[in-house]
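The values are calculated or read from the model by the stated rules, or taken from the named source; none is laboratory data. As the structure is a prediction and not an experimental result, all values here were calculated from the model. Reconstructed Cβ throughout: ideal geometry from the backbone, glycine too, with neighbour counts over all protein chains shown.
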Amino acid sequence: MRRGRAIEVAAPCPGGEKPDAAGPQRDCRANHKPLERCERQARAMLAAGDLAGALDFAERQAAPTSASRLLINTCRTLAGRRVEAQLDLVEWSKRSCCPMDARLMLALLQIDDGDRARAIATLNRNLAQIDDPRTIQAIILIQLERGDAAEAQRWAQRLQSLAINWTDRPAVSAWLTAMGLPCVDASAEPPDALVEQLALELLACESVIASLEAAARYDRSQPRALLLLRALESAFDRLEAPGSACEAMARLALTLDDTATARRWIDAGLRINPLSAPLAILLAELPAADEALAKQGRTVDVHILPRRSEQIEALDLVIRAHPDWNDVRQIRRRLEAA
């Protein structure tokens with residue numbers, strides 16, 4: 001019964017029906033809904049183990065998308081129609097519009113046939129378009145399987161040198177080590193080209209800065225936090241709202257345990273907007289210089305830490321302007337009691 005309802009939805013509208021009065025945009029959305037439902041239903045059936053049903057639904061699309069075409073060939077391979085899938089993937093792989101995943105799938109089938117040379121040729125078509133890390137990883141695995149450690153090492157060096165891989169360098173290094181390939185330590189700083197690319201993207205859409213900063217802190221990825229910090233520093237003089245960027249950079253610096261940089265951007269942000277509650281709170285959350293002096297084995301230079309009077313003064317400015325902001329008042333009372 002469930003399949004019957006889906007078939008009924010996917011059927012074209014009778015020719016006698018007139019287009020909806022809302023216009024062509026609504027008609028276009030309506031025309032695409034049956035195709036989307038077919039693809040979703042096919043994926044659900046494949047996940048449930050109904051291979052025949054999944055293939056039946058996937059093949060109903062007269063003009064399948066790249067995702068559904070890949071799904072069709074996956075179902076064909078699993079259903080024993082491997083030659084049919086491979087022929088379609090070979091023809092598709094020759095086109096510039098062919099997605100990376102399709103060529104990866106074709107290469108896997110060619111490897112399974114024992115034709116590693118053709119598999120590498122297929123993967124090289126991906127690399128002719130872009131230095132795709134997954135494609136390079138696949139080539140490394142093929143070279144290792146062939147016993148060509150020197151060639152595998154050459155590809156490993158190329159994988160490590162990719163700027164796109166910089167934020168994932170710990171995972172890449174761990175993968176190469178697991179493959180028995182020695183890897184060099186990546187630079188502590190992100191590549192300049194990657195920093196400038198991200199800086200330009202942030203300048204084009206400054207509203208995403210806060211979200212990216214929060215995501216970097218939540219993800220606890222030091223490479224991502226450092227890349228975002230460097231990009232914001234590069235874009236700072238060109239930003240329309242530098243005050244909010246100062247807060248983001250201070251938080252990123254604290255994520256990186258760089259108290260000196262955090263203090264620098266807190267001070268810069270308070271100079272731009274002395275009434276910034278988030279920056280005043282960040283300043284108050286830093287350890288006070290007098291407290292740090294009293295502790296043994298401190299790791300932070302006390303000269304970069306604020307004095308208690310500085311912290312209270314910054315909070316008092318905000319409180320005078322906004323006396324009803326209880327969070328600022330609570331932090332002020334906590335400082336007084338310390």
Matching residues in the range 91-111 - criterion: being of a type in the set (K, R) and surrounded by 14 or more Cβ atoms within 10 Å (Cβ to Cβ): R103
Residue in the range 301-316 that is at pLDDT 90 or above and touching a Ser or Thr at 6+ places or on another chain (Cβ under 8 Å) present: no
Pairs where the first residue, in the range 134-159, is in the same structural domain as D115 (by TED's automatic domain parsing) and part of a loop (DSSP other than H, G, I, E, B) and the second is surrounded by fewer than 21 Cβ atoms within 10 Å (Cβ to Cβ) and among the polar types (S, T, N, Q), C-beta under 8 Å, 6+ apart: none
Enumerated helices (runs of 4 or more DSSP H) restricted to the range 58-121, each holding at least 3 residues that are under 19 Å from R40 (Cβ atoms): 66-78
Test: residue in the range 284-298 that is modelled with pLDDT under 95, part of a helix (DSSP H, G or I) and either under 33 Å from the mean Cα position of the chain (by Cα) or not assigned by TED's automatic domain parsing to the domain that holds A250 (or both): yes
A128 vs. criteria farther than 28 Å from S173 by Cβ, part of a helix (DSSP H, G or I), modelled with pLDDT under 95 and not assigned by TED's automatic domain parsing to the domain that holds A47: no
Unique match (being surrounded by 14 or more Cβ atoms within 10 Å (Cβ to Cβ) and not assigned by TED's automatic domain parsing to the domain that holds A44) among R116, R76: R116
Output for the range 160-169, where each listed residue is within 16 Å of the chain's Cα centre (by Cα), under 15 Å from E189 (Cβ atoms) and either exposed (fewer than 15 other Cβ atoms within 10 Å of the Cβ) or outside the structural domain of D132 (by TED's automatic domain parsing) (or both): A163
